[in-house]
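Asks: For reference, the structure I am asking about is given below.
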Amino acid sequence: MAQSLSTPGGPGPPPTNPLNMPLVKLLLTAILCSLSYFVGFNGINYTTTTTTTTPTVIQTRDCLHQLNSTTDEQHLHYSSSSPPLDFNTHHTLRLSQDPTNTLPFFNFCPTNFTNYLPCHDPLLEKSFTVERFFHRERHCPEEGKERVKCLIPKPAGYKRVFPWPMSRDYAWFKNVPFKKLTVYKKSQNWVRLEGDKLVFPGGGTSFPMGARDYVDGINRIVPLKSGSVRTVLDVGCGVASFAASLMDYNILTMSIAPRDIHEAQVQFALERGLPAMLGILSTYRLPYPSSSYDMVHCSRCLVPWTSYDGLYLMEIDRVLRPGGYWVLSGPPISWKTSYKGWQRSAKDLENEQINLEDLARRLCWKKIAEKDTIAVWRKPTNHIHCIQKLKVWKSPQLCAKPDPDAGWYRKMELCITPLPDVKDVHDISGGAIANWPRRLNTAPPRIRRGTVEGITTKYFNEDNQLWKKRVSYYEIILKSLSHGKFRNIVDMNAGIGGFAAALAKHPVWVMNAVPIDANEDTLGIVYDRGLIGTYMNWCEAFSTYPRTYDMIHATGIFSMYIEKCDITDILLEMYRILRPEGAVIIRDHVDIIVKVKSITDRMRWSSKILHTERGPFHPEKILLVDESQAVYIGSGRRHKLLPS
């Protein structure tokens with residue numbers, strides 16, 4: 001305790017101890033601090049660097065892991081060769097163990113689960129009506145009752161997929177062992193079986209001269225090369241040869257089809273490295289926001305467009321951008337020359353086209369061309385004229401309560417989704433979108449209009465920079481990312497698409513999933529950037545086949561869902577859709593990461609916990625699963641590839 005000062009006029013101070021003098025204390029403290037500094041300096045080997053284009057990584061002595069610096073400040077960089085982080089306790093006393101750490105490995109499912117589709121299971125389909133193909137909609141197992149708790153096995157003879165762009169033309173038959181299309185569509189050149197390989201020559205029912213020639217024909221009507229058409233929806237996609245040909249125009253196509261008599265057409269598409277998902281126009285809206293696609297295409301997609309008072313075409317109108325194009329080939333287009341081949345009467349086809357033309361007119365679409373087997377309509381850029389016309393026509397009318405972006409288990413409505421108001425007839429509802437590729441990094445109209453609370457142009461630009469830094473860090477911890485080993489990627493919590501935008505320099509595409517449990521609906525922004533994605537509830541299974549993604553990225557997913565459903569089910573679903581040679585990056589709070597790792601260890605995944613690019617003192621960590629250097633033998637044995 002410090003001595004009190006004497007009062008004026010009091011007795012003199014007692015003799016003092018030199019160690020109690022303030023100056024002496026200060027001097028001793030300085031000497032001790034200096035000695036500690038020099039001892040620490042000799043015990044730790046470190047360096048500081050300034051920012052460079054490529055992050056610098058150096059070695060340290062202890063267990064600190066790598067820290068990537070991409071800011072203007074100086075940072076300490078930790079070695080990528082350091083061991084993974086260990087967050088387990090290391091008590092010397094014998095304590096009761098966490099029961100999750102002693103649970104056995106998950107078993108592999110029986111072989112008949114190799115191509116299991118939890119939400120499109122043909123056994124579940126039998127419980128639902130076939131009216132309007134409702135049985136082909138999503139019907140997921142009830143939580144806790146019918147969920148599969150085993151690992152989906154790969155087919156016998158599975159091989160690593162062909163690298164892009166070779167995969168566009170070839171696939172291993174044993175990866176997708178379905179022969180029906182090779183026989184049923186043999187004369188139409190959809191796909192051929194040659195030895196142990198499937199070959200995709202680019203043919204199709206409406207492509208007698210090949211898909212490239214067909215797309216070139218569309219280009220003579222629709223300005224595909226201008227950059228104004230970037231996102232396309234292909235309804236009833238076949239093996240996605242149409243989407244493959246559009247890539248020559250730098251156009252990204254979402255191909256959808258149900259699980260039907262054509263077997264695994266969506267699986268063929270994904271095996272080729274082309275975006276696709278299971279989907280059907282039946283009862284519910286498509287899982288996409290309004291005004292998301294620059295063009296929608298149907299080539300003999302077997303959708304009854306004029307049935308149900310035009311309900312399905314109204315859904316296409318909802319997802320089509322202002323000024324977007326609808327391209328139709330097949331019945332009833334060119335019925336005069338094709339009705340015999342279609343084995344339908346000329347009169348029926350003529351009436352069908354009359355009804356189709358009338359429906360498109362009542363949607364305020366304008367037919368801009370019909371040439372050979374192709375007809376093209378264009379949606380208006382705003383609804384000023386349309387509103388005047390709808391006052392005269394009895395139906396359809398504008399939706400009274402549209403909620404235009406609601407796309408998850410929301411029933412279709414027999415009305416026109418209204419476009420945002422404009423002041424002038426020449427204005428584009430919602431605002432003009434930049435051409436590709438400029439639109440990728442330009443704040444889109446939905447942000448400029450303040451459609452999503454809290455997301456401003458400033459936030460957009462900062463998010464872009466943030467994800468560039470994060471992806472640069474991923475390239476360090478996951479070498480396969482920059483070595484072209486990945487093609488199909490799913491981002492389970494995409495936000496505004498920053499992760500996908502930062503990957504644009506790589507030959508990959510990203511399925512940007514926006515959880516319905518996210519704080520904000522940002523999927524419209526994702527599409528405005530020229531990217532694609534879907535709404536998703538990760539307590540359910542994804543609408544895809546097993547082994548269709550090379551990489552899964554999950555930021556904050558387990559924090560989001562840990563109180564909503566069993567996260568074990570989410571991880572087992574990730575296992576189902578990941579290719580055996582794939583990778584997973586999970587970002588979350590350290591406590592969540594440790595819990596997740598205790599489950600992934602039981603899934604036979606090789607995983608490790610790492611710091612994020614923010615360094616060792618931030619509570620967010622990464623769980624990295626990298627199977628890209630592994631070979632699988634039998635159902636579960638894993639062997640690392642040896643260097644050649």
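Just so you know, all these numbers are worked out from the coordinates, no wet-lab data involved. What you are looking at is a predicted structure, and each value in this text was computed from that prediction instead of being measured. All Cβ positions, glycine included, derive from the backbone under ideal geometry; neighbour counts span all protein chains shown.
Asks: Estimate the FRET efficiency between residue 462 and residue 180 by the formula 1/(1 + (r/R0)^6), using the beta-carbon distance for r and 41 Å for R0, to the nearest 0.05.
Replies: 0.25
Asks: Cα-Cα over 30 Å: which of 366/505; 505/608; 174/595; 145/608; 366/394?
Replies: Table pairs above 30 Å Cα-Cα are 366/505; 174/595; 145/608.
Asks: Calculate, for residue 392 and residue 559, the FRET efficiency according to 1/(1 + (r/R0)^6) with r their C-beta to C-beta distance and R0 60 Å; round to the nearest 0.05.
Replies: E between residue 392 and residue 559, to the nearest 0.05, is 0.65.
Asks: Can you tally the net charge around residue 593? Count Lys and Arg as +1, Asp and Glu as -1, for every other residue whose Cβ sits under 10 Å from the Cβ of residue 593.
Replies: Here the count lands on +1.
Asks: Here's a follow-up. When the Kirkwood radius is taken over all Cα pairs of region 438-640, what Stokes-Einstein diffusion coefficient follows at 10 °C and 1.306 mPa s, in µm²/s?
Replies: 91
Asks: Stretched out fully, how many nm does the piece from residue 226 to residue 425 gain, at 0.36 nm a residue minus the Cα gap?
Replies: Net length gain for the segment: 69.3 nm.
Asks: Taking 7 Å along the Cα-to-C-beta vector as the label spot, tell me the residue 504-residue 354 distance in nanometres, rounded to one decimal.
Replies: 4.9
Asks: Which shape class, rounded, prolate or oblate, goes with region 460-519 when its Cα gyration tensor gives a ≥ b ≥ c as root eigenvalues, a/c under 1.5 marks rounded, and past that a/b bigger than b/c marks prolate?
Replies: Oblate, since a/c reaches 1.5 and b/c is not below a/b.
Asks: Another question about this same structure. Suppose the chain between residue 608 and residue 143 were pulled fully straight at 0.36 nm per residue; how much longer would it get relative to their current alpha carbon spacing?
Replies: Taking residue 608 through residue 143 to full extension adds about 164.5 nm, to one decimal.
Asks: When Lys and Arg each count +1 and Asp and Glu each count -1, what net charge do the other residues less than 12 Å away from residue 546, Cβ to Cβ, add up to?
Replies: So the environment of residue 546 carries a net charge of +2.
Asks: Once you put a point 7 Å from the Cα of residue 309 and another 7 Å from the Cα of residue 598, both along the Cβ direction, what distance in nm separates them?
Replies: Output for this residue pair reads 5.5 nm.
Asks: Quickly rank 147-160, 321-334 as a protection proxy: mean count of other C-beta atoms within 10 Å, highest first.
Replies: Ranked from most to least packed, the peptides come out as 321-334, 147-160.
Asks: In the structure displayed, which of 347/389; 468/564; 597/621; 185/340; 469/621; 126/159 lie more than 23 Å apart, Cα to Cα?
Replies: 347/389; 468/564; 126/159
Asks: Multiply the residue separation of residue 194 and residue 448 by 0.36 nm, subtract the distance between their alpha-carbon atoms, and state the gained length in nm to one decimal.
Replies: Separation in residues times 0.36 nm, less the Cα-Cα distance, equals 86.2 nm.
Asks: Using DSSP to define loop residues, name the GluC sites (Glu not before Pro) in region 558-600 whose beta-carbon has at most 12 other beta-carbon atoms within 10 Å.
Replies: Numbers: sites: 563, 573, 581; in loops: 563.
Counting only loop positions with at most 12 other Cβ atoms within 10 Å, the GluC sites (Glu not before Pro) in region 558-600 are 563.
Asks: Please list, by residue number, every one of the trypsin sites (Lys or Arg not before Pro) in region 382-448 that is coil in DSSP and has at most 10 other beta-carbon atoms within 10 Å.
Replies: Qualifying residues, ordered by number: 391, 394, 423.
Asks: How large is the charge dipole for region 438-640, taken about the Cα centre, if only the Cβ atoms of Lys, Arg (+1) and Asp, Glu (-1) carry charge, to the nearest 20 debye?
Replies: Value, rounded to 20: 820 debye.
Asks: So, one more: Please sort by residue number the chymotrypsin sites (Phe, Trp or Tyr not before Pro) in region 383-428 whose DSSP state is loop and whose Cβ has at most 13 other Cβ atoms within 10 Å.
Replies: Of the chymotrypsin sites (Phe, Trp or Tyr not before Pro), the ones in loops of region 383-428 whose Cβ has at most 13 other Cβ atoms within 10 Å are 393.
Asks: First select every other residue whose beta carbon is under 13 angstrom from the beta carbon of residue 579; then total the charges, Lys and Arg +1, Asp and Glu -1.
Replies: Net charge around residue 579: +2.
Asks: Give the span of region 296-338's Cα atoms along each principal axis, as three whole-Å numbers ordered largest to smallest.
Replies: Principal-axis extents of region 296-338 (Cα, largest first): 33, 23, 14 Å.
Asks: Kindly state, to the nearest 0.05, the FRET efficiency for residue 361 paired with residue 108, given R0 = 35 Å and r defined as their beta-carbon distance. Before the final figure, lay out the partial values.
Replies: Details: r = 56 Å, r/R0 = 1.61.
According to the calculation, E is roughly 0.05.
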